[in-house]
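Read through the structure below, which is laid out as structure tokens, and then see the notes.
Nothing in this text is a laboratory measurement; each read-out follows from the coordinates by a stated rule. Since the structure is predicted, the reported quantities are computational estimates derived from the model, not experimental observations. FYI the Cβ positions are ideal-geometry reconstructions off the backbone, even for glycines, and counts take in every protein chain you see.
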Amino acid sequence: MKKILMVLSLLLVSSTPNNICDSRPYEAKIIRWIDGDTAIADIDLGWDVTLKEQKLRLNRVDTPERGEPKYKEATNIVKAKCKGYVEVYNCGKGSYGRWLVEMNCNGESINNYLLRRGWKYER
């Protein structure tokens, strides 16, 4: 029953607007980075419940896609800064079904780090 409640609470938060993020961090293990703003990770929801191989999209950030200029630069930054376990704050689901997240790597917001370098999501 507790596992079901945890999953339902995560789904409920996913329906919030993209600029509002959950105040509770979840521990996630980065499996791999697809590009500078998208990772595959296992998310620990607590109570022995883990969402395996979830696509995480950094909220507010837009980096080049594979084949575009500076793709390697952006991807190498996140690979170097965000290895292993990170903290993620759920900001809902994006239009492609990815979890939008604010991510802390070693105590630093990778979202803010990338924004300071000019990779801002423009709507």
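Spin-label point model (7 Å from Cα, Cβ direction): what's the ASP48 to ALA80 distance in nm?
Placing both labels 7 Å beyond Cα along the Cβ direction yields 4.1 nm.
List, in order, the whole-Hz ³J(HN,Hα) value for each residue of segment 43-53 obtained from phi through the Karplus relation with A = 6.51, B = -1.76, C = 1.60 and θ = phi - 60°; use x for Gly and Pro.
For segment 43-53, the Karplus curve yields 10, 8, 8, x, 6, 6, 10, 10, 8, 8, 6 Hz.
Only residues of segment 81-110 count here: report those whose backbone N is under 14 Å from the spot 7 Å along Cα→Cβ of ARG24, or say none.
Of the residues in segment 81-110, 88-91 have backbone N under 14 Å from the label point off ARG24.
Once amide H atoms are placed 1.01 Å from N in the peptide plane, what residues at a sequence separation of 5 or more from CYS91, or on another chain, have their amide H within under 5 Å of its amide H?
The list, which skips near neighbours in sequence, is ASP22, LEU100, VAL101, GLU102.
Which order, highest average first, do 72-80, 55-63 follow once you tally other Cβ atoms within 10 Å for each residue and take the mean per peptide? Let's see the in-between values first.
Details: 72-80: 16.3, 55-63: 21.3.
Answer by packing, highest mean first, reads 55-63, 72-80.
Using Cβ contacts closer than 10 Å as the measure, can you line up TRP47, TRP33 from fewest to most? Provide the component values of the computation, followed by the final result.
Details: TRP47 13, TRP33 20.
By the 10 Å Cβ count, ascending, the order reads TRP47, TRP33.
Under a point spin-label approximation (7 Å from Cα along Cα-to-Cβ), what is the ARG116-LYS55 distance to one decimal in nm?
3.0 nm
Give a residue-ordered list of calculated ³J(HN,Hα) values for segment 100-113 (Karplus: 6.51 cos²θ - 1.76 cosθ + 1.60, θ = phi - 60°; whole Hz; x for Gly, Pro).
So the Karplus estimates, Gly and Pro as x, are 7, 9, 9, 10, 10, 10, 6, x, 10, 6, 5, 4, 5, 4 Hz.
Order of LYS52, LYS81 from fewest to most other C-beta atoms within 10 Å?
LYS52, LYS81
Once you sort the root eigenvalues of the Cα gyration tensor of segment 62-123 as a ≥ b ≥ c, which label holds: rounded (a/c under 1.5), prolate (a/b larger than b/c) or oblate (the other case)?
Oblate shape, in that a/c is at least 1.5 and b/c is the bigger or equal ratio.
Take ASP42, ASP48 and order them by how many other Cβ atoms sit within 10 Å, fewest up front.
The order, fewest Cβ neighbours first, is ASP48, ASP42.
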